[in-house]
Amino acid sequence: MFYPIILAVDVLEEQSKLYSSFEKEALPHMDALYNFALRMTGNRDEASGLLQETYLRSFRFYDKFETRTNCKAWLFRVMRNAYINISRKKSKEPQKLDFDEIEKFYKKIKSSTDSSQMEKEIFKILDDELSEVVSSLPEDFRIVIVLCDIENFSYEEIADFVDCPVGTVKLRLFRARKMLFTKLHKYSDKLGYIKKD
Amino acid sequence: MEQDKLEKLLTAYVDEEISDPSQLNEIKNLIDKDQNVKYDYEVHHLMKLVVKQRLKIHPVPSKVLKRIIRKIKPVSKTEYFKGFIQGIFSAKPLMVFGTTIIIILAMILIIFNRPPQIIVEDFSAEQKGSDNMFVQARINFQNILKGNLIPQIVSDNPEEIKSFFLKEGVKYQIILPEYDKWKLLGAIVSVDRGEKFAHHVYTDNEGKLIYFFQADENYFEKNKILNLSEGLLEYLEKGNCYDTYESGIGTLMTKTGKNIIAVVSNISSYELKDQFCKIN
């Protein structure tokens, strides 16, 4: 009768030690993970669910996580796996992308707008509108932009996260920014932020 | 420069990821000299800046934060035991109900199935009067020991003794058990208000005596000549055997069939009880 209770107390003590370490290492990254989840799912409820799943999984396997390695990157990988599982269940079709069209449009802007003017126009866009445009980027491009520009991940960390070479990460970032620029330009034009001669 | 290489280098420059000084100089020169590259750099730099500075960061809703912590934070020892106790009594009402029913049933079974409580009362104090069988048996045994009461028939043959009782007018069935250790010594028939009562005696090699006085239960009820206290009669009626031991003499009362039997002896109390409680 008392033996299981003693065992339970031992387990509780171990869990308590593990949680103290987890609280110190993992919980400070919760905002970053939540925002990443928001960018990935585009929905607060789904982002909350993904965040919860990530933390439950990571705590379950926290004893196997080697301390002093990059906890933030590890948590993002856990979230990526959880997100892949959710995405598989939803069986979303990948977004089709016509990069030639983007390239053409980029060149057109390039020939007609100087950079200082372009900066003023783009900064007229509201924060929420910017979020909307970033969310509209295809997933592969959205991921590298968020990880690099918001989460300050190094190229190595991004490459590890997306499971591809660093060179691919660089090219993907280049294209992602170009795509974002054309989208923002179109958006500003649509809202009348761009002066026409 | 190849387009791919230029794109990679430009991106790495925007993100400050170039550690090789020659590559750094190469891209800087390109930006300075080539307007197209300069434009690309400004666009990419602007995009990085816009995302970094303007993209809204949402804090985790407190409700979500609390829910996650509640799910992963281990309970303290106090909470664990509190929850354990509460869990027993409130968390699963169906289980609690079932458990309560089982406990009640178990208690009922224990109460009703416990072995009958043997209350050995001291009936000897209740046995009074000259017509009391218990009293008479003890007096008779004392008289036998003293030689004041002598067997009317001396025989170790049960059939002969039975014939004697029948011949002398004993109206009830006599029980004459046979033992290896004890042999019949003889028998006496007493008369009380016209009714005949059977007495017989056994003996062993050591000279110990076992005296039997038996009478039909009718003599205690309808044709009341003999007497025993109500408590002792009731006790015997339930199949119990009463024995008492005093000054080296043991007296045992039992009932076999319709006969109420008094056994008085100077053998050990253990032997008396062990051998004569059940008489066949």
Review point. In a GNM of chain B with a 10 Å cut-off on Cα contacts, which of B:ILE57, B:ILE210, B:ILE139 has the highest mean-square fluctuation?
Key: B:ILE57
Exercise for review: Taking every pair of alpha-carbon atoms in chain B, give the share separated by more than 24 Å as a whole percent.
Suggested key: 69
Practice item. Kindly state, to the nearest 0.05, the FRET efficiency for A:SER21 paired with A:SER154, given R0 = 35 Å and r defined as their beta-carbon distance. Key: 0.90
Review point. Among all the aspartates and glutamates, which ones have a C-alpha under 17 Å from B:LYS171's C-alpha, if same-chain residues fewer than 8 places away are not counted?
Key: B:GLU159, B:GLU160, B:ASP192, B:GLU195, B:ASP216, B:GLU217, B:GLU221
Exercise for review: Using a 10 angstrom cutoff on alpha carbons, build the Gaussian network for chain B and name the most mobile of B:LYS63, B:LYS73, B:LYS48.
Suggested key: B:LYS48
Point to revise | Carbon plus sulfur fraction of accessible area for the range B:123-276, probe 1.4 Å, in percent | key: 45
Review point. Just counting partner chain Cβ atoms within 10 Å, what average do the residues of peptide B:54-63 show around their Cβ?
Key: 6
Review point. Using the alpha-carbon centroid of each, what span in Å lies between the range A:127-191 and the range B:13-39?
Key: 21
Review point. What does the helix-only formula give at 222 nm for chain B: each DSSP H stretch with n ≥ 4 adding -39500 (n - 2.57), the total divided by the residues, and the result rounded to the nearest 500 deg cm²/dmol?
Key: -14500 deg cm²/dmol
Revision key, fill the gap. Per the Kirkwood formula over distinct C-alpha pairs, the hydrodynamic radius of the range B:133-227 in angstrom is 13.8
Review point. How would you order B:3-15, B:241-253 from highest to lowest mean count of nearby Cβ atoms within 10 Å?
Key: B:3-15, B:241-253
Review point. Calculated FRET efficiency, B:THR99 and A:GLU46, Cβ-Cβ r, R0 41 Å, to nearest 0.05?
Key: 0.45
Practice item. Mind giving me the nanometre distance, one decimal, between the label points for A:ASP114 and B:LYS208, set 7 Å out from Cα along Cα→Cβ? Key: 13.7
Practice item. Please get the size of the charge dipole for the range B:123-276, origin at its Cα centre, with Cβ charges of +1 on Lys and Arg and -1 on Asp and Glu, quoted in debye to the nearest 20. Key: 340
Practice item. Anything over 30 Å Cα to Cα? Flag those among A:LYS186/B:LYS63; A:LYS64/B:LYS52; B:LYS196/B:LYS238, in the order listed. Key: A:LYS186/B:LYS63; A:LYS64/B:LYS52
Check your understanding: Where does the protein assembly as shown land on Rg(C-alpha)/(2.2 N^0.38 Å)?
Key -> 2.35
Exercise for review: For chain B, give the magnitude of the charge dipole about the Cα centre (Cβ charges: +1 Lys/Arg, -1 Asp/Glu; no others), in debye to the nearest 20.
Suggested key: 1340
Check your understanding: Give me the log10 of I(q) over I(0) for the range B:1-77 at q = 0.20, 0.22, 0.23 Å⁻¹, as the Debye formula computes it from C-alpha points; what are the numbers?
Key -> -0.88, -1.00, -1.05
Review point. Looking at this model, which pairs from A:LYS108/B:LYS56; B:LYS167/B:LYS255; B:LYS48/B:LYS73 are more than 32 angstrom apart at the alpha-carbon?
Key: B:LYS48/B:LYS73
**Study point:** Theoretical FRET efficiency, 1/(1+(r/R0)^6), r = Cβ-Cβ of B:GLN35 and A:ILE84, R0 60 Å, to 0.05
**Key:** 0.90
Check your understanding: Using bins 5 angstrom wide from zero, how does P(r) for the range A:126-183 break down, in % of all Cα pairs?
Key -> 4, 21, 32, 23, 12, 6, 2
**Study point:** Other protein chain Cβ atoms within 10 Å, averaged over every residue that makes up A:170-179
**Key:** 6
Check your understanding: Ignoring ligands, DNA and RNA, how do A:VAL166, B:VAL154, B:VAL263 rank by accessible area with a 1.4 Å probe, largest first?
Key -> B:VAL154, A:VAL166, B:VAL263
Exercise for review: Taking the Cα centre of the protein assembly as shown as origin, sum charge times position over the Cβ atoms of Lys and Arg (+1) and Asp and Glu (-1), and report the length of that vector in debye to the nearest 20.
Suggested key: 1860
Revision key, fill the gap. Measure of exposure for B:PHE97: accessible area at 1.4 Å probe, Å² rounded to 10, is 130
Exercise for review: Name the most mobile residue of B:LEU65, B:LEU233, B:LEU166, meaning the one with the largest mean-square fluctuation, in a Gaussian network model of chain B with Cα contacts below 10 Å.
Suggested key: B:LEU65
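The values are calculated or read from the model by the stated rules, or taken from the named source; none is laboratory data. Worth saying up front: this structure is predicted, and the values here are computed from it rather than measured. In this analysis, Cβ positions are derived from the backbone assuming ideal geometry, glycine residues included, and neighbour counts consider all displayed protein chains. Only protein heavy atoms, including side chains, enter the accessible area calculation; ligands, DNA and RNA are left aside. Shrake-Rupley method; radii C 1.70, N 1.55, O 1.52, S 1.80 Å.
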